[in-house]
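To keep things clear, I will list the structure first and then write my remarks on it.
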Amino acid sequence: MINLAVFASGTGTNFDAIVKAIDDGKLDAKVVLMVCDKSNAKVIDKALKANIDTYVFDPKAFSSKMEYDNCIKLECQKRNVDLICLAGYMRIVSNVLLDAYPNRIINIHPSLLPAFKGKDAIKQAYMYGVKVMGVSIHYVNEDLDGGSIIAQKAFELNDMSFEQAESRIHEIEHELYPNTIKKIIEEDF
Ligand code: GAR
């Protein structure tokens, strides 16, 4: 059984999609830890309801990124985490975690990378006037939304409103992330 840790900072719909895929028998894995850097994030309730261990930390309580990443690393190692899935985790991961989990940290980003990195990627792309939008899943390295791409899915905007485009992005994410995790588990473990 592959042990997953999911890192999130916000609503946690991708976290939910991963948990649901496991519950539905579509993904042979276990979420053993949810890591969150925001004490008021909705994802915390979701993890508690799903009976999943949570590690919530306040980055300001640490003197450096290395220090809190080291605590996160220990929480992961304690639970024999095999693969870390960033799901709306809005922090750059340091070498402390990257070295402990080489090629074992992945991220989902709501754009067709390498375009529109960083925050508010859906809005960035829509406001730019692109004709095609999409979702990327990539290995995490020291660069923001960098690292080699594992999977992408695109769609044509045609005359979609921003809200329609946004909900299409999330719909794709909730399918693509569990499917990609499944593929990684089958191919790499
Ligand atoms: C998702 O759209 C995810 O792709 C994005 O944050 C959202 C989290 O939603 N991630 C990034 O922008 C990473 N740079 P969720 O909390 O409902 O899963």
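Let's see if you can work this out: charge +1 on each Lys and Arg Cβ, -1 on each Asp and Glu Cβ, no other charges. What is the dipole magnitude of the chain about its Cα centre, in debye to the nearest 20?
The dipole of the chain has a size of about 260 debye.
Going by alpha carbons, how many degrees (0 to 90, nearest 10) lie between the helix axis of 162-188 and the longest principal axis of the chain?
50
Please report the antiparallel percentage of DSSP beta bridges with both residues in the chain, rounded to the nearest 5.
The antiparallel fraction comes to roughly 40 percent.
Among 9-19, 160-170, how do they line up by average Cβ neighbours within 10 Å per residue, starting with the highest?
Ranking the peptides 9-19, 160-170 by packing returns 9-19, 160-170.
In deg cm²/dmol, rounded to 500, what helix-only [θ] at 222 nm does the chain give when every DSSP H run of at least 4 residues adds -39500 (n - 2.57) and the total is split over its residues?
-12000 deg cm²/dmol
Please report, largest first and rounded to whole Å, the three semi-axes of the ellipsoid equivalent to the stretch 1-152, where each semi-axis is the square root of five times an eigenvalue of the C-alpha gyration tensor.
24, 19, 16
Looking at Tyr139, Thr13, Ala154, which one has the Cα that reaches farthest to the positive end of the dipole of the chain (charges on Cβ: Lys, Arg +1; Asp, Glu -1)?
Thr13
Given H placed on each backbone N at 1.01 Å, which residues far from Tyr55 in sequence or on other chains put an amide H within less than 5 Å of it?
So Tyr55 has HN proximity to Met34, Val35, Cys36.
Mind checking the full-extension length gain between Glu175 and Glu163? Use 0.36 nm per residue of separation minus the Cα-Cα distance, one decimal, nm.
Length difference between fully extended and current span is 2.4 nm.
Length gain on complete extension for the stretch Met90 to Asn3, per 0.36 nm per residue less the alpha carbon to alpha carbon distance?
Extending this stretch completely gives an extra 29.1 nm.
Based on the Cβ-Cβ distance from Ala115 to Lys42, what FRET efficiency comes out when R0 is 35 Å, to the nearest 0.05?
0.80
How many nm separate the modelled label positions at Asn70 and Phe155, each set 7 Å beyond the Cα in the direction of the Cβ?
Inter-label distance under the simple model: 4.5 nm.
Where a number appears in this text, it was derived from the coordinates with a stated rule and is not lab data. In this text the structure is predicted, and so the values were computed from the model without any measurement. Note that we place each Cβ from the backbone using ideal geometry, even for glycine, and neighbour counts take in every protein chain shown.
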